[in-house]
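**Student:** My questions all concern the structure below.
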Amino acid sequence: MTEAIDLCELVERFPDDQKCRNYLEHLRWHDGIRCPKCQGQRISSILKRDQYDCDSCRYQFSVTAGTIFHDTHLPLTKWFLAVYLICQSRKGMSANQLKRMLRINYRTAWYLCHRIRHAMVEAQPLEKLDGKVEIDETYVGGKKIGWGVQAGKKAKEVVIGIRQRGGDLRFFHAEDAKSGTLATYIKENVSDDVDVILTDEFVSYPFAMQRAGVPQSKHKTIEHRNRVYVRGDIHTNTVESAFSLLKRGIMGTWHRISAKHLAAYLDEMTWRFNNRKNPFLFRDTMLKLISSNNLEYKELTKAA
């Protein structure tokens with residue numbers, strides 16, 4: 001599948017698990033089937049079990065071995081539908097909605113969503129952002145009003161957003177918005193060759209820039225408190241638009257997100273946002289699912 005696909009075509013192309021397996025084999029072994037244990041290419045088929053036998057090391061395996069699909073009891077057709085729906089929903093897809101659409105129980109839907117998000121985490125790019133980069137912070141969840149620095153369960157969680165104009169977005173669940181924390185994210189995600197970093201007038205940013213080694217001449221601010229939102233090319237509107245989409249997802253789709261899993265939702269939103277113009281998003285996400293390690297339920301639900 002090298003072209004874009006819509007939902008109707010997805011259902012037509014993958015009506016049963018065998019068609020789904022054939023597609024996974026094409027993605028995983030487009031140069032020929034290889035043994036995942038010894039990388040041997042002398043392979044025999046075990047047709048009755050949808051498995052293969054390596055003639056070199058006698059290891060028996062299937063196309064889902066060593067992938068996120070390993071030992072799944074859910075039909076692959078429902079996996080494919082879940083991946084497509086999550087990829088194509090701009091504000092995300094709740095486990096409750098997936099439960100109703102796929103006719104599965106809530107626990108299965110919740111676990112399915114998190115396994116797909118787990119693959120999206122590993123899909124994040126490593127290249128540092130350059131050019132014109134906007135940085136902002138926002139606060140989500142909780143019941144207390146303010147800057148989210150209060151202690152206790154009702155305090156809001158801090159989300160740092162970094163976006164390159166005309167490029168990628170990064171979201172991070174941060175412990176706080178202090179200068180040291182901000183400096184760490186800047187060092188790890190912004191190139192030394194950045195043209196300019198644009199922020200609002202939040203007091204931590206000048207100190208964060210100093211700690212990150214960003215020259216003062218490369219840091220420009222916009223005075224939101226004075227109701228100034230654009231001054232020539234200086235603004236943070238593009239990263240704020242991403243925050244707006246995130247908050248609509250939280251309030252309108254997911255409704256409630258625990259602090260423990262917030263980072264996973266941020267990674268899902270980031271992956272989908274950065275691929276919003278990618279016509280092959282379904283294929284690329286399936287490739288990540290194949291290469292991703294399985295996320296066990298006990299690991300997902302253990303205490304933080």
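**Student:** Any residue in region 240-260 that is open to solvent by 30 Å² or more (accessible area, probe 1.4 Å), of a type in the set (Val, Ile, Thr) and within 18 Å of the chain's Cα centre (by Cα)? Spell out how you get there, then give the answer.
**Tutor:** The first filter runs over region 240-260 and keeps only residues open to solvent by 30 Å² or more (accessible area, probe 1.4 Å), leaving 240-241, 244, 247-248, 251-252, 255-260.
Checking which are of a type in the set (Val, Ile, Thr) leaves us with 257.
Retained after the next criterion (residues that are within 18 Å of the chain's Cα centre (by Cα)): 257.
Yes, there is a match, as at least one residue in region 240-260 is open to solvent by 30 Å² or more (accessible area, probe 1.4 Å), of a type in the set (Val, Ile, Thr) and within 18 Å of the chain's Cα centre (by Cα).
**Student:** For region 219-277, give me the residue count where each residue is of a type in the set (A, V, I, L, M, F, W, C) and assigned to a strand (DSSP E or B).
**Tutor:** Here is the first cut: in region 219-277, the ones of a type in the set (A, V, I, L, M, F, W, C) are 222, 228, 230, 234, 239, 242-243, 245-246, 250-251, 254, 257, 259, 262-264, 266, 269, 271, 273.
From what is left, the residues that are assigned to a strand (DSSP E or B) are 222, 234.
Going through region 219-277 one residue at a time, the tally reaches 2.
**Student:** While we're looking at this one, here's another question. Looking at region 107-122, which of its residues are open to solvent by 10 Å² or more (accessible area, probe 1.4 Å) and not charged (D, E, K, R)?
**Tutor:** Thr108, Trp110, Tyr111, His118, Val121
**Student:** Which residue pairs have Cβ atoms under 7 Å apart, sit 6 or more places apart or on different chains, and have a first residue in region 251-268 that is farther than 15 Å from Lys156 by Cβ and a second that is open to solvent by 20 Å² or more (accessible area, probe 1.4 Å) and of a type in the set (D, E, K, R)?
**Tutor:** Close Cβ pairs satisfying both conditions: Gly252/Lys91; Thr253/Lys91.
**Student:** Right, something else. Can you find, within region 27-48, the residue that is nearest to Ser291 (Cα to Cα) among those that are open to solvent by 40 Å² or more (accessible area, probe 1.4 Å) and touching a residue at least 12 places away in the same chain (Cβ under 8 Å)? Can you show your working first?
**Tutor:** Step one: of region 27-48, the residues open to solvent by 40 Å² or more (accessible area, probe 1.4 Å) are 28, 30-31, 33-34, 36-39, 41-45, 47-48.
Subsequent filtering for residues that are touching a residue at least 12 places away in the same chain (Cβ under 8 Å) retains 28, 33, 36-38, 42-43.
Values: Arg28: 8, Ile33: 15, Pro36: 12, Lys37: 15, Cys38: 17, Arg42: 22, Ile43: 21 Å.
That would be Arg28.
**Student:** Within region 34-52, how many residues are over 18 Å from Leu24 (Cβ atoms) and not in a loop (DSSP other than H, G, I, E, B)?
**Tutor:** 2
**Student:** Now a separate question. Of the numbered conditions (1) more than 20 Å from the chain's Cα centre (by Cα); (2) at pLDDT 95 or above; (3) hydrophobic (A, V, I, L, M, F, W, C), Val190 satisfies every one except a single condition; which is it?
**Tutor:** Every condition holds for Val190 apart from (1).
**Student:** Right, here's the next one. Looking at region 49-71, which of the residues that are within 17 Å of Lys288 (Cα to Cα) and surrounded by fewer than 19 Cβ atoms within 10 Å (Cβ to Cβ) is farthest from the chain's Cα centre (by Cα)? If you could, list the steps in order and put the result at the bottom.
**Tutor:** Of region 49-71, the ones within 17 Å of Lys288 (Cα to Cα) are 63-70.
Retained after the next criterion (residues that are surrounded by fewer than 19 Cβ atoms within 10 Å (Cβ to Cβ)): 65-66, 70.
Numbers: Ala65: 23, Gly66: 21, His70: 21 Å.
Residue satisfying both the conditions and the ranking: Ala65.
**Student:** Of the numbered conditions (1) more than 27 Å from the chain's Cα centre (by Cα); (2) under 23 Å from Asp284 (Cα atoms), Gln39 fails exactly one; give the number of that condition.
**Tutor:** The single condition Gln39 does not satisfy is (2).
**Student:** Oh, and also: Out of the residues in region 208-236 that are free of Cβ contacts under 8 Å to residues at least 40 places away in the same chain and of a type in the set (S, T, N, Q), state the one that is most open to solvent (accessible area, probe 1.4 Å).
**Tutor:** Once the filter is applied, the top-ranked residue is Gln216.
**Student:** Further question on the same structure: Starting from region 152-173, keep only residues that are open to solvent by 20 Å² or more (accessible area, probe 1.4 Å), then list their pairs with residues that are at pLDDT 90 or above and aromatic (Phe, Trp, Tyr) whose Cβ atoms are within a distance under 7 Å, requiring at least 6 positions of separation or different chains.
**Tutor:** Lys156/Tyr139; Glu157/Tyr139; Phe172/Tyr185
**Student:** Moving to a separate point now. Go through region 8-36 and count every residue that is acidic (Asp, Glu) and either under 18 Å from Leu287 (Cβ atoms) or out of contact with any helix residue (DSSP H, G or I) (no Cβ under 7 Å at 6 or more places or on another chain) (or both).
**Tutor:** Of all residues in region 8-36, those acidic (Asp, Glu) come to 9, 12, 16-17, 25, 31.
Of the ones still in play, those that are also either under 18 Å from Leu287 (Cβ atoms) or out of contact with any helix residue (DSSP H, G or I) (no Cβ under 7 Å at 6 or more places or on another chain) (or both) are 9, 12, 25, 31.
Counting residues in region 8-36 that are acidic (Asp, Glu) and either under 18 Å from Leu287 (Cβ atoms) or out of contact with any helix residue (DSSP H, G or I) (no Cβ under 7 Å at 6 or more places or on another chain) (or both) gives 4.
**Student:** Right, another one. Quick check on my filter: what residues within region 1-26 are open to solvent by 70 Å² or more (accessible area, probe 1.4 Å) and in a loop (DSSP other than H, G, I, E, B)?
**Tutor:** Thr2, Glu3, Asp6, Pro15
**Student:** So, in region 291-304, of the ones that are open to solvent by 20 Å² or more (accessible area, probe 1.4 Å) and not in a loop (DSSP other than H, G, I, E, B), which residue ends up farthest from Tyr23 (Cα to Cα)? It would help to see each step written out before you state the result.
**Tutor:** Just the residues of region 291-304 that are open to solvent by 20 Å² or more (accessible area, probe 1.4 Å), to begin with: 291, 293-299, 301-304.
After this cut, where a residue has to be not in a loop (DSSP other than H, G, I, E, B) as well, the list is 291, 297-299, 301.
Values: Ser291: 15, Tyr297: 26, Lys298: 30, Glu299: 29, Thr301: 31 Å.
Filtering first and then ranking leaves Thr301.
**Student:** Okay, next question. Determine, yes or no, whether Lys91 is more than 23 Å from the chain's Cα centre (by Cα), open to solvent by 30 Å² or more (accessible area, probe 1.4 Å) and charged (D, E, K, R). First the steps, then the outcome.
**Tutor:** Numbers: more than 23 Å from the chain's Cα centre (by Cα): no; open to solvent by 30 Å² or more (accessible area, probe 1.4 Å): yes; charged (D, E, K, R): yes.
For Lys91, the condition - more than 23 Å from the chain's Cα centre (by Cα), open to solvent by 30 Å² or more (accessible area, probe 1.4 Å) and charged (D, E, K, R) - is not met.
**Student:** Residue check: is Tyr106 within 30 Å of Val196 (Cα to Cα), among the hydroxyl-bearing types (Ser, Thr, Tyr) and at pLDDT 90 or above? Spell out the reasoning first.
**Tutor:** Details: within 30 Å of Val196 (Cα to Cα): no; among the hydroxyl-bearing types (Ser, Thr, Tyr): yes; at pLDDT 90 or above: yes.
Criteria not met by Tyr106.
**Student:** Could you count how many residues in region 80-108 are part of a loop (DSSP other than H, G, I, E, B) and touching a residue at least 12 places away in the same chain (Cβ under 8 Å)? First the steps, then the outcome.
**Tutor:** At the first step, the residues of region 80-108 found to be part of a loop (DSSP other than H, G, I, E, B) are 89-94, 103-105.
Subsequent filtering for residues that are touching a residue at least 12 places away in the same chain (Cβ under 8 Å) retains 89-94, 104.
The number of residues fulfilling the criteria is 7.
**Student:** If you check every pair at least six apart or on different chains, which have Cβ atoms under 8 Å apart with a residue in region 54-79 that is modelled with pLDDT under 90 and in a loop (DSSP other than H, G, I, E, B) first and a residue that is among the small types (Gly, Ala, Ser) and crowded, with 17+ Cβ neighbours inside 10 Å second?
**Tutor:** Thr67/Ser292; Ile68/Ala119; Ile68/Ser292
The values are calculated or read from the model by the stated rules, or taken from the named source; none is laboratory data. Model, not experiment: these values are computed from the prediction. All Cβ positions, even for glycine, are placed from backbone atoms using ideal geometry, and neighbour counts span all protein chains on display. Quick note on the areas: whole protein, heavy atoms, side chains included, nothing else; ligands and nucleic acids left out. Shrake-Rupley method; radii C 1.70, N 1.55, O 1.52, S 1.80 Å.
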